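The values are calculated or read from the model by the stated rules, or taken from the named source; none is laboratory data. Treat the numbers as computed from the prediction; the structure is a model and nothing was measured. A quick note on method: Cβ atoms are made from the backbone with ideal geometry, for glycine too, and the neighbour counts reach across all protein chains shown. Surface accessibility is based on the protein's heavy atoms, side chains included, excluding ligands, DNA and RNA. Shrake-Rupley method; radii C 1.70, N 1.55, O 1.52, S 1.80 Å.
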Amino acid sequence: MLPTTIALFAVIVTSFVPVNDWRNTYTPEPETHFTMPRYASLADWERRREHLRQQILSSAGLLPMPEKMPLSARVVRRANHSGVVIDTVLLETLPGYFVGGNLYRPAVVYGKAPAVLSPHGHWKNGRVENQPSYSVPALGINLARQGYVVFAWDMVGYNDTRQTPHSFGGWRERLWSFTPLGLQLWNSIRAVDYVQSLDLVDPARIAVTGASGGGTQAFLLAAVDERVRLSAPVNMISAHAQGADPCEEAPGLRVGSFNVEFAAMAAPRPMLVVSASGDWTRHTPFEEFPAIRRIYELYGAAGQVANAHFEARHNYNRASREAVYGFLGEHLQPHSPDFTDHDIHLPDPGELLASRYAGLPDGALDYEGVFAEWRKMMRARAARSTKAQLREALRNALGAEWPRAVASAMEGGRLVLSRPGYHDRVPGIWLPGKGAPVVVVSAGGAEAARQTMEVRRLEAEGRFLYLLDVFQTGSAKASRDRSGDWFLSYNRTDDAHRVQDILTALAFAEAQQRGSPRLVALNGAELWCLFAAAVAPAKLDLDAGPRGFEGTDEEFRRTFDVPGVQQAGGIQAALRLTGDRPVFRSAASEAPGRAGASPAQAARQAVREE
């Protein structure tokens, strides 16, 4: 019987292991019906909230936040419509990358005005769409008449913002977290920077509202940016449908979560949830809204969140807009005399576009140039990051954790581990012995590892061994449906799960209190072990050199398929984080033809000698 102990990092060894590994059998997708978890205390929720914030930012490539360059805002045209001043603006959110928008403001502003950010949805004409069911200009002009400064900007690939298409990306972009969602969230954060920089705006009164895909932008921005003090997502928050558009999905975004949890992250700041009977928000009054309100109740702030539900099809129509006007007025503009959506003269949509009056500024980049600037920004961020920041960035890209509890069971002579609550399984061969535990990982699985000279030598020495079948290796191979269009938004890759299994095994080994575990990588498992060691908080000895791996995009694609790994620092981050850990050169890693140090190995040695 294996001992039950409490060790460093409070790893608790328990005895329940699930029969099946849910990572193979439960593969959620955008149309999965999710259920909001119940949180017993505010502390529990706030821990979860911080985890989700990191998950969103990591998925978007924004953890830690990149350095911000000046926006160099350009007013291309200024016009007056219906007593409202409308500026057509270009913002440089990345060097050589420009986002188009319109700033609606009162003709006269007394003191500092509240600001409303207005991201648009997937209507054909984007921020200049004007029809009864949806009109960004009507929203902007009516709010400006009520005393607000309103900024509406483009989705990627719309109107003036066409240096990338709306849908883009392949395996290289995934490695760098260069996705429509990530670029769009970055643009949203820069939109907050822009309105905060305006002398006529009160930076303490900034709201965001948008419908459909603009609703997704609204609740994601409110979730990660505390400067947004009020949010009103319209016809988007659902437990039944999550988006399924390139700008609403990204690898790792919704692993273990969904839009209702993301929206609840705004608590306790005021939020109005607008829903309709004719789209996927039809259940909101009795399912999604009560779930969000329970989070507000943890703060004692149930009165800060409300739902406005309408008998209508998918929209941001006059009734929905008036509901938002009233909520904004209650919290940001209590002395506003009128919350009516008035009929107004709307400008010709073309008059609101920068492209009618001027081309893009000199230095504007094409798609490859924008992607290159994104990579440059990621590299610069990694170079100035502390070790703690690098570890956090890699841990989030991998979706990995050092488990607080590990369940264990013997099944037919094999030891199987699991993290309670995750329904995962890590089988392996456990060989009791002397000394500190040695965890051995081979791409061929535990039985293949046991046949190597290295493991035979360790067995002959009577060492305490745990040979792993990490995810989809050895006895852990199983069918897994990876066919969904947005599979990576809701599920981790096989390689990411393998890193997690190694961490689970190391936590179990460390809990045996026999000294620092030693981690040995054999026959293709080197990167799994290197990255596991890089994010592990425990002291351990590592035998897992990169073996000629240079860290190029193509190498990662072939051998370590983890979206976001390059934006999180890639091989250099892993080497820097493991540089102070001893490396034992085993017979398996000293095969003929590998005697010379590769550039990556030389880089590792240089880091160790810092």
From the list 294, 318, 313, which residue is within 16 Å of residue 232 (Cα to Cα) and either basic (Lys, Arg) or surrounded by fewer than 16 Cβ atoms within 10 Å (Cβ to Cβ) (or both)? 318
Among 123, 176, which is open to solvent by 30 Å² or more (accessible area, probe 1.4 Å) and either at negative phi or in contact with a strand residue (DSSP E or B) (Cβ under 9 Å, 6 or more places away or on another chain) (or both)? 123
Could you grab me the full set of residues in segment 189-202 that are farther than 21 Å from residue 66 by Cβ and touching a residue at least 40 places away in the same chain (Cβ under 8 Å)? 198, 200, 201, 202
Checking the conditions here, which among 505, 511 is at pLDDT below 95, of a type in the set (A, V, I, L, M, F, W, C), farther than 30 Å from residue 30 by Cβ and open to solvent by less than 30 Å² (accessible area, probe 1.4 Å)? 511
Picking from 97, 110, 158, which residue would you name as being open to solvent by less than 10 Å² (accessible area, probe 1.4 Å) and over 20 Å from the mean Cα position of the chain (by Cα)? 97
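Residue-by-condition table, conditions (1) in contact with a helix residue (DSSP H, G or I) (Cβ under 7 Å, 6 or more places away or on another chain); (2) more than 21 Å from residue 251 (Cα to Cα):
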residue: 178; (1), (2): yes, no
residue: 193; (1), (2): no, yes
residue: 200; (1), (2): no, yes
residue: 203; (1), (2): yes, yes
residue: 210; (1), (2): yes, yes
residue: 216; (1), (2): no, no
residue: 223; (1), (2): yes, no
residue: 228; (1), (2): yes, yes
residue: 234; (1), (2): yes, yes
Odd one out for residue 482, checked against (1) open to solvent by 10 Å² or more (accessible area, probe 1.4 Å); (2) touching a strand residue (DSSP E or B) at 6+ places or on another chain (Cβ under 8 Å); (3) over 16 Å from residue 416 (Cα atoms): (2)
Within segment 326-369, count every residue that is surrounded by 15 or more Cβ atoms within 10 Å (Cβ to Cβ), touching a helix residue (DSSP H, G or I) at 6+ places or on another chain (Cβ under 7 Å) and not aliphatic (A, V, I, L, M). 5
Based on what the data block shows, is residue 249 open to solvent by 10 Å² or more (accessible area, probe 1.4 Å), among the charged types (D, E, K, R) and either within 20 Å of residue 224 (Cβ to Cβ) or not in a strand (DSSP E or B) (or both)? no
Candidates 149, 116, 136, 76 - the one that is touching a strand residue (DSSP E or B) at 6+ places or on another chain (Cβ under 8 Å), among the hydrophobic types (A, V, I, L, M, F, W, C), at pLDDT 95 or above and surrounded by fewer than 22 Cβ atoms within 10 Å (Cβ to Cβ): 76
Hits in segment 355-378 (condition: at pLDDT below 95 and either of a type in the set (A, V, I, L, M, F, W, C) or part of a helix (DSSP H, G or I) (or both)): 355, 356, 358, 360
